[in-house]
Amino acid sequence: MQSHHHHDQHQPGHEPDEAALAELVDLDAEVLHSYLSDVIEWAGGLADGQPSRILDLGTGTGTGAVALARRFDQADVIAVDVSAPMLDRVRAKARELGLAGRIQAVQADLDAAWPATGPVDLVWASNSLHHMKDPDQVLAWVFAALRPGGLVAVAELDSFPRFLPDDIGPGLEARLHAALTEARAGELPHLHSDWGPRLSAAGFTIEARRRFDINLAPPLPALAGRYAQASLMRLRSGLDGRLSASDLATLGPLLDGDGPDNVLRRDDLIIRAARTAWAARRP
Ligand SMILES: C[S@@+](CC[C@H](N)C(=O)[O-])C[C@H]1O[C@@H](n2cnc3c(N)ncnc32)[C@H](O)[C@@H]1O
């Protein structure tokens, strides 16, 4: 089974590195928690009154769903994802946090059809639209699901996060990121898209667009080393065969060695990342 569906990303449970992706999105939310609370606060402040029904599209492990449920403590949140294992994590997290009554995990493949959500007041889509085959179709469904006056907030990464000080293999991370963008161009053509015009084309009125520059210096949050390790390992495995011998040699001690150079033990990591969010209203 597994081998036959190896290339089908949307076979629930058959994503080979799904557990790694789940860990990575949890680390992202944990280490960049001040960005997450800023962007949720920003989007929440643009919502029209107190939303009572919220959708989180491509929820992953539910970090956005949880943040929204906390921000709007009367709201019900529907967390949508194609992946059953991701949704299991959402349910477990909601139970642990006492939010099981307000966060509902719903499996749907947004490349195929919109789930029966009923009318909603606020839609959140973080780093998920670029995974969709036809994001413009998804935005049309979002428009239809939102009540008039309802808000959609799209947050996307401008660039992959950087962790290494400049003197390590100079330019290494820039080369890794460029190579990954190139390697994924066929599979993820909507990565780094400008979502403003696409939201307008779907009928929305753009309310605001904001770039969040994330710039963390030591002392970093406790899980920063683990986040750096998980991110860089994902880059390296995604770039199998595309990296130069010298870049691989630089990465070795950072990721595999048990010495002080390992990203888990260094004290000179930084975190630089940029995310852009668009908030758009259904007239
Ligand atoms: C990079 S994760 C982002 C998770 C979370 N929103 C966050 O900001 O951390 C992208 C998520 O989109 C989901 N996804 C990808 N394609 C999808 C589709 N066609 N329908 C529904 N969800 C999809 C993936 O399963 C994954 O959980």
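The values are calculated or read from the model by the stated rules, or taken from the named source; none is laboratory data. Because the structure is predicted, anything quoted here is derived from the model rather than measured. Note that each Cβ is placed from the backbone with ideal geometry, even for glycine, and that neighbours are counted across all protein chains shown. Ligands, DNA and RNA are excluded from the accessible area calculation, which covers all protein heavy atoms including side chains. Shrake-Rupley method; radii C 1.70, N 1.55, O 1.52, S 1.80 Å.
Here are some notes:
- Taken together, the residues in region 237-283 that are open to solvent by less than 50 Å² (accessible area, probe 1.4 Å), within 30 Å of Ala145 (Cα to Cα) and assigned to a loop (DSSP other than H, G, I, E, B) amount to 0.
- Condition check for Arg209: in contact with a Gly (Cβ under 8 Å, 6 or more places away or on another chain) and of a type in the set (Lys, Arg): yes
- Within region 90-143, if we keep just the residues that are open to solvent by less than 20 Å² (accessible area, probe 1.4 Å), within 11 Å of the ligand (Cβ to nearest atom) and without any contact (Cβ under 8 Å) to a residue 40 or more places away in the chain, the residue that is nearest to Gly64 (Cα to Cα) turns out to be Val90.
- Within region 177-204, residues that are within 30 Å of Ala228 (Cβ to Cβ) have Cβ atoms under 8 Å from residues that are of a type in the set (Ser, Thr, Tyr) and open to solvent by 20 Å² or more (accessible area, probe 1.4 Å) in these pairs: His177/Ser159; Leu191/Thr181; His192/Thr181, counting only partners at least 6 apart in sequence or on another chain.
- Pick from region 34-59, criterion closer than 22 Å to Ile214 by Cβ and away from the ligand (no atom under 13 Å from the Cβ), ranking: least open to solvent (accessible area, probe 1.4 Å): Gly44
- Restricting region 191-219 to residues that are assigned to a loop (DSSP other than H, G, I, E, B) and out of contact with any Asp or Glu (no Cβ under 9 Å at 6 or more places or on another chain), the residue that is farthest from Leu264 (Cα to Cα): Gly203
- Output for region 196-236, where each listed residue is among the small types (Gly, Ala, Ser) and either surrounded by 11 or more Cβ atoms within 10 Å (Cβ to Cβ) or within 13 Å of Pro161 (Cβ to Cβ) (or both): Gly196, Ser200, Ala201, Ala202, Gly203, Ala208, Ala224, Gly225, Ala228, Ala230, Ser231
- Hits in region 144-173 - residues which are surrounded by fewer than 16 Cβ atoms within 10 Å (Cβ to Cβ) and either of a type in the set (S, T, N, Q) or modelled with pLDDT of 95 or more (or both): Ala144, Arg147, Pro148, Gly149, Ser159
- Filtered residues of region 174-190 (kept if part of a loop (DSSP other than H, G, I, E, B) and surrounded by 14 or more Cβ atoms within 10 Å (Cβ to Cβ)): Leu188, His190
- Members of region 184-215 found to be at pLDDT 90 or above and within 19 Å of Leu24 (Cβ to Cβ), listed by number: Phe212, Ile214
- Selection count, region 63-82, where residues are out of contact with any Leu (no Cβ under 8 Å at 6 or more places or on another chain) and either near the ligand (Cβ under 8 Å from one of its atoms) or acidic (Asp, Glu) (or both): 2
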